[in-house]
1. Collect residues whose amide H, placed 1.01 Å from N in the peptide plane, falls under 5 Å from the amide H of GLU122; neighbours closer than 5 in sequence don't count.
2. Lys and Arg at +1, Asp and Glu at -1: add these up for the other residues within a Cβ distance under 12 Å of GLY108 and post the number.
3. With only alpha-carbon atoms counted, please give the Rg and Dmax of the chain, in Å.
4. Starting at the first residue of segment 144-160, write each ³J(HN,Hα) from the Karplus equation 6.51 cos²θ - 1.76 cosθ + 1.60 with θ = phi - 60°, in whole Hz, x for Gly and Pro.
5. For the chain, with every protein chain kept in place, what is the accessible area per residue (1.4 Å probe, Å²)?
6. What ranking, highest mean first, results for peptides 136-147, 42-53 when packing means the other Cβ atoms within 10 Å averaged over each residue?
7. Which aspartates and glutamates, on any chain, are close to LYS181 with Cα under 20 Å apart, when same-chain ones fewer than 8 places away are left out?
8. Using the structure shown, select from LYS142/LYS166; LYS65/LYS191; LYS65/LYS155; LYS81/LYS142; LYS65/LYS196 the pairs with a Cα to Cα distance greater than 18 angstrom.
Amino acid sequence: MKILHLETSSRNCSVAISDGDELLCLCEEVSDNYKQSESLHQFVQWTLEGAKITLKDLDAVSLGKGPGSYTGLRIGSSSAKGFCYGLGIPLIAVNSLETMVEPFLDQGYDFIIPLIDARRMEVYSAVFEGFSGNLLVDTEAKILDENSFAEFQGKKVLFVGDGAAKASEILQKIEADFNAKIFPSAKYLVKEAARKFENKEFEDVAYFEPFYLKEFQGVKMKKSEK
């Protein structure tokens, strides 16, 4: 069961190859400039070489489906669908917030809350149980204020993701740990993708769309700029 994993929902352009639930090779880079368009296919080539396989050896492609960067998700989705069409293999999609939870399970936290920066005071968030990783609160776009997540006061909570930086400055009513250096990563798609492959939980390649959560908001140009 050799699977190519793509995660492009954040500033981390991340590609991995696995065999079953074993990680064979990983290539990723965090950049403020969102280098998915420049780096993604080069990373795919490098991971294939590192795993000593070719595209024809792949059994499926898994994708971090978002939420996150609109452009990053479009690039990752288009690439994943292209590989699946060309190779005749299935597409597996995993919520990108789930990939941020796995490294911290069973470390004494009651709740793990990934936060992806969505500009200004907004974040994409979900709430997971700290031992099992079970999803408790569905993914949502949330405006942070001093009362956000106050219901977890008195519990041991970990906030992870680049949105945790601004959360640490705003959340005054809850004692928690904050780790802003964690990004969605292809290496954390491996276990869930293997499970979905075994259960044949595949996406319809023709109609699949990333989990944008919000509509794309472009920047309007002034008349003088047109």
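1. Sorted by chain and number, the residues that satisfy this are LEU144.
2. -1
3. In Å, with Rg to one decimal and Dmax whole: 18.0, 57.
4. Once θ is set to phi - 60°, the couplings for segment 144-160 become 7, 9, 5, 9, 4, 6, 4, 5, 9, 4, x, 9, 8, 10, 10, 9, 10 Hz.
5. For the chain, the per-residue accessible area is 51 Å².
6. 42-53, 136-147
7. GLU7, GLU28, GLU29, ASP32, GLU98, GLU102, ASP106, ASP117, GLU122, ASP162, GLU169
8. LYS65/LYS155; LYS81/LYS142
The values are calculated or read from the model by the stated rules, or taken from the named source; none is laboratory data. The model shown is predicted, which means the values in this text are computed figures rather than measured ones. Here Cβ is always computed from backbone atoms with ideal geometry, including for glycine, and neighbour counts include all displayed protein chains. Keep in mind that these areas ignore ligands, DNA and RNA; they rest on the heavy atoms of the full protein, side chains included. Shrake-Rupley method; radii C 1.70, N 1.55, O 1.52, S 1.80 Å.
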